[in-house]
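Since every read-out is calculated from the coordinates, none of them should be taken as a lab result. None of the values given here were measured: they were computed from a predicted structure. Ideal geometry is used to build each Cβ from the backbone, glycine not excepted, and the neighbour counts take in all protein chains shown.
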Amino acid sequence: MVQSINTKALITLASVCRRPYIASPHIHVPTISHVNYESMRDYCGIKAIIFDKDNTITAPYATDVHERAALGLRSALDIFGHDNVAILSNSAGTKDDVDYEDALKIEHDMGINVIRHDVKKPGGMEEVLRHFEGSGVQDGSELCVVGDRLLTDIVFGSLHGMLTVHCLPLCTGVENKGDNTIASIIRTLENKMMYGDWFIPKSIRQRTLKHKRWLGEEHRPLILNPDQILELETKLGQTPP
């Protein structure tokens, strides 16, 4: 699929330049399988999860769950239920997706709802709230967005008061050959800027916007440790989501 220019992201870039901390996530993990979704539901007031797709739960433009994301997706579906977990992509489900063919294929192959939206992330909040009307979601603070892009996924969540989770891209090198070239370059620059070990990125991370209900990792950990991951693997088994 050929993606159109993300006008909303370009407009929002000016806001990021003024307030770079809106691109700083609440938690940063290697993959979505390192996230404690049960604690999100029980202690953070989260009612629904929004996943980016490419390089977050699948390889670029694939429709099978990547092995490193399978445990996390299965956990999210187990904790929140299928109706309260959805994909918000800047390709599938947008105007670039003719007749929503890609969205329909994803829903068929993966069994996960794809949110239809005209405005690309970091826009599209109206469509997201409409999608989750049946879940009792009242505002952004009851949503968690999970993705590998700081300037789209994380900024989108920050602008609307969501709990934000940033993960590293699932695929690199040859495995990532199907990725959008521009997106891949920007993602690399984003990560170097946000996670560098020098004054400016450290200052940005210290100003991450507070979530309405979550007081921080030191008060309520949302990142699973290795023992918890093994326990989760035993509990959920290796069956597909």
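Would you be able to say whether some residue in region 224-232 is touching a residue at least 60 places away in the same chain (Cβ under 8 Å) and closer than 26 Å to ASN90 by Cβ?
Residues of region 224-232 touching a residue at least 60 places away in the same chain (Cβ under 8 Å): 224, 228-229, 232.
Applying the additional criterion that residues be closer than 26 Å to ASN90 by Cβ yields none.
No.
Can LEU77 be described as touching a residue at least 60 places away in the same chain (Cβ under 8 Å), part of a helix (DSSP H, G or I) and touching a Pro at 6+ places or on another chain (Cβ under 6 Å)? I'd like the intermediate steps shown before the answer.
Details: touching a residue at least 60 places away in the same chain (Cβ under 8 Å): yes; part of a helix (DSSP H, G or I): yes; touching a Pro at 6+ places or on another chain (Cβ under 6 Å): yes.
Yes.
Listed by position, the helices (runs of 4 or more DSSP H) enclosed by region 130-223 that each have at least 1 residues that are touching a residue at least 24 places away in the same chain (Cβ under 8 Å) and among the basic types (Lys, Arg) are 181-195, 199-206. Any chance region 51-59 includes a residue that's in contact (Cβ under 8 Å) with a residue 40 or more places away in the chain and surrounded by fewer than 20 Cβ atoms within 10 Å (Cβ to Cβ)? No, because not a single residue in region 51-59 is in contact (Cβ under 8 Å) with a residue 40 or more places away in the chain and surrounded by fewer than 20 Cβ atoms within 10 Å (Cβ to Cβ). Would you check if there is a residue in region 98-120 being in contact with a Lys or Arg (Cβ under 8 Å, 6 or more places away or on another chain), among the hydroxyl-bearing types (Ser, Thr, Tyr) and within 16 Å of TYR61 (Cα to Cα)? Yes; the residues of region 98-120 include at least one that is in contact with a Lys or Arg (Cβ under 8 Å, 6 or more places away or on another chain), among the hydroxyl-bearing types (Ser, Thr, Tyr) and within 16 Å of TYR61 (Cα to Cα). A residue that is among the charged types (D, E, K, R) and crowded, with 20+ Cβ neighbours inside 10 Å occurs somewhere in region 90-102.
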